[in-house]
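The values are calculated or read from the model by the stated rules, or taken from the named source; none is laboratory data. Every value quoted in this text rests on a predicted model; they were computed, and no experiment measured them. As a convention, Cβ positions derive from the backbone with ideal geometry for all residues, glycine included, and neighbour counts pool all protein chains shown.
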Amino acid sequence: MIENSFLARPHPVFRDSYVEALREGFVWAARAPLDADAIAFVSSHFPDYLARLDEDGQMPKPGGPSLSGVPSTTYWLVDGPAFIGAVNIRARIDTPSLVHFGGHVGYAVRPSRQGRGYGRRQLALALDICRGMGLCVPRLSCAQDNPASRRVIEANGGVLLRHCPPAWYAPYPYLLYEIPLL
């Protein structure tokens with residue numbers, strides 16, 4: 001039930017449910033759905049997969065690859081052992097693609113749980129974390145042809161900044177929002 005769902009850090013206890021969501025076609029952060037081989041790899045290397053979720057923008061490990069993003073933290077919306085969705089929160093957005101396209105918060109709900117209010121709840125809980133981080137006006141975006149995401153953002157106080165045409169960082173028209181948390 002929606003009211004029982006909460007944000008948790010990704011953990012192996014959610015492995016089976018997360019892998020099931022991947023098989024449903026769950027994607028986030030504008031990525032393509034994983035094929036069966038990639039899902040099997042995630043399933044069999046789950047602790048390694050979890051360890052990489054927050055690496056974007058962190059200090060590189062000695063001898064490891066250079067990481068290009070900004071620090072971020074991943075949370076999963078869960079209800080008991082059931083994975084429902086994922087949200088990623090960035091404390092800063094100091095790359096051109098994040099300033100003009102991505103923003104502070106990105107989220108997605110697995111296909112079998114969409115249309116039930118989980119997106120709205122997930123974003124509301126993420127905004128509570130943003131408040132605790134001192135983010136007063138987080139920025140978000142969604143594809144122009146994604147009315148469900150638009151409703152989620154607007155239900156959480158989103159103010160439309162602009163309609164944006166496709167660009168090098170977004171191959172489709174999108175909407176850029178801010179949510180004042182003052």
Which members of the stretch 74-102 meet the condition of being closer than 14 Å to residue 28 by Cα and either modelled with pLDDT under 75 or of a type outside the set (Phe, Trp, Tyr) (or both)?
74, 77, 84, 85, 86, 87, 88, 89, 102
Within the stretch 68-78, track down each residue that is in contact with a Lys or Arg (Cβ under 9 Å, 6 or more places away or on another chain) and part of a strand (DSSP E or B).
72, 73, 74, 75, 76, 77
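Among what's in the stretch 1-50 and is among the polar types (S, T, N, Q) and either surrounded by 14 or more Cβ atoms within 10 Å (Cβ to Cβ) or farther than 20 Å from residue 82 by Cβ (or both), pick the residue that is farthest from the chain's Cα centre (by Cα).
Going through the stretch 1-50, the residues among the polar types (S, T, N, Q) turn out to be 4-5, 17, 43-44.
Remaining after also requiring either surrounded by 14 or more Cβ atoms within 10 Å (Cβ to Cβ) or farther than 20 Å from residue 82 by Cβ (or both): 5, 17, 43-44.
Details: 5: 16, 17: 17, 43: 20, 44: 23 Å.
Restricting to residues being among the polar types (S, T, N, Q) and either surrounded by 14 or more Cβ atoms within 10 Å (Cβ to Cβ) or farther than 20 Å from residue 82 by Cβ (or both), the top hit is 44.
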Could you list, in sequence order, all residues of the stretch 1-41 that are of a type in the set (Gly, Ala, Ser), in a helix (DSSP H, G or I) and in contact with a strand residue (DSSP E or B) (Cβ under 6 Å, 6 or more places away or on another chain)?
17, 21
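Results for (1) touching a residue at least 60 places away in the same chain (Cβ under 8 Å); (2) out of contact with any helix residue (DSSP H, G or I) (no Cβ under 9 Å at 6 or more places or on another chain); (3) surrounded by 21 or more Cβ atoms within 10 Å (Cβ to Cβ), shown as yes or no for each residue.
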residue: 133; (1), (2), (3): no, yes, no
residue: 136; (1), (2), (3): no, no, no
residue: 139; (1), (2), (3): no, no, yes
residue: 150; (1), (2), (3): no, yes, no
residue: 154; (1), (2), (3): no, yes, no
residue: 164; (1), (2), (3): yes, no, no
residue: 173; (1), (2), (3): no, yes, no
